[in-house]
1. Anyone know which of Ser70, Ser152, Ser135 comes out most mobile in the 10 Å Cα GNM of the chain?
2. Hey, if you put +1 on the Cβ of every Lys and Arg and -1 on every Asp and Glu Cβ in the chain, which of Tyr256, Ala120, Gly143 ends up farthest toward the positive end of that dipole?
3. Kindly provide the Kirkwood hydrodynamic radius of the chain in Å, to one decimal, from all pairs of distinct alpha carbon atoms.
4. Tell me, what HN-Hα J-couplings in whole Hz come from the Karplus equation 6.51 cos²θ - 1.76 cosθ + 1.60 at θ = phi - 60° for each residue of segment 153-168, using x for Gly and Pro?
5. Projected onto the charge dipole of segment 2-260 (+1 at Lys/Arg Cβ, -1 at Asp/Glu Cβ, origin at the Cα centre), which of Tyr91, Leu181, Val37 gives the Cα projection farthest towards the positive end?
6. HN-Hα J couplings of segment 237-245 from phi, Karplus 6.51/-1.76/1.60, θ = phi - 60°, integer Hz, Gly and Pro as x?
7. Quick check on the chain: helices-only [θ] at 222 nm, where DSSP H runs of length 4 and up contribute -39,500 (n - 2.57) each and the sum goes over total residues. Nearest 500, please.
8. With the crude spin-label approximation of a point 7 Å out along Cα→Cβ, what separation in nm comes out for Tyr25 versus Ala201?
Amino acid sequence: MTTVAHELKASYAFIERNFFLTRRYWGWELAFLVYSVAGALSISLIGADQGSPRLLLTLMVGAIFWNYLSVVFGWIAETIEIERWEGTLEYTMMAPIRRSTHLLGSVLYAMAFGLVHTAAILVVLFLFFPNMDLSQANFATVGLFMLLGSFSIVGLGILAAILPLLYVERGAQMAWVLQSLILLVSGVYYSVDVLPGWMRAISALSPATYVLDGVRRGLIDGAPVTTLLGEVWPLVVMGIVLIPAGLWAFGQAERYAKRTGKLKRVG
């Protein structure tokens, strides 16, 4: 119990450190929030322009919940890049803590920050569209898919965080490219049925595909979880596979970076 308490306290230290970073760069965070709000409104107004309440809800769900997933993914994927930017990478990676403790703190902060960020967008959208009909919504389904999707996207984020360790000059850009590809194939603003066959096959590997489909059906159609098991089990499998695989791969990449001196490099 003492060991567990020590590890949780160490994880909280990383949560606190990330909070202080957010506070220090609040101007950038505000700019990104305004950009995200403007993007969500721009997409949602397409549905309003077409006069289709269902299309409006479909686009809003895509904008809101993709924002949450992308914020969580981005914070985790940029864990190493932020450390390198702050000049603390070598000290953090050499500190006497478990890497899982470090990543747990980053993951918990990413989820909390993602919820706050998304809640702000949600409030603005409801102010613009106060007459949305959510009387049929099944919020239990929405909550479950957000939870399962969080674990799955965390696994992908940890894998993406490896890239700046392996490729000092291009790793952060490669993580952004991966995030863009997830956006493209996951049916964020359109049905994956319109994608070419080979892209539909890739979309089946993206957790965001199942999250957005499940959230839309729960929020718009009021579908219970029992009717969406075809979307639930892939997310469960991805979470079980991706998180351990990400931790293992991160450990391998960390040892490689230490052996080759890439922790000290900044470009």
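A short reminder: the numbers here are calculations on the coordinates, not readings from a lab. These figures come from a predicted structure and were not determined experimentally. Glycine also receives a Cβ, built like all others from the backbone with ideal geometry; neighbour counts cover every protein chain displayed.
1. Ser135
2. Tyr256
3. Kirkwood hydrodynamic radius for the chain: 19.5 Å.
4. Once rounded to whole Hz, the list reads 6, 4, x, 5, x, 5, 4, 5, 5, 5, 4, x, 6, 7, 10, 4.
5. Tyr91
6. Calculated HN-Hα couplings, in order: 4, 4, x, 5, 7, 6, 5, x, 5 Hz.
7. That calculation yields -27000 deg cm²/dmol at 222 nm.
8. 3.8 nm
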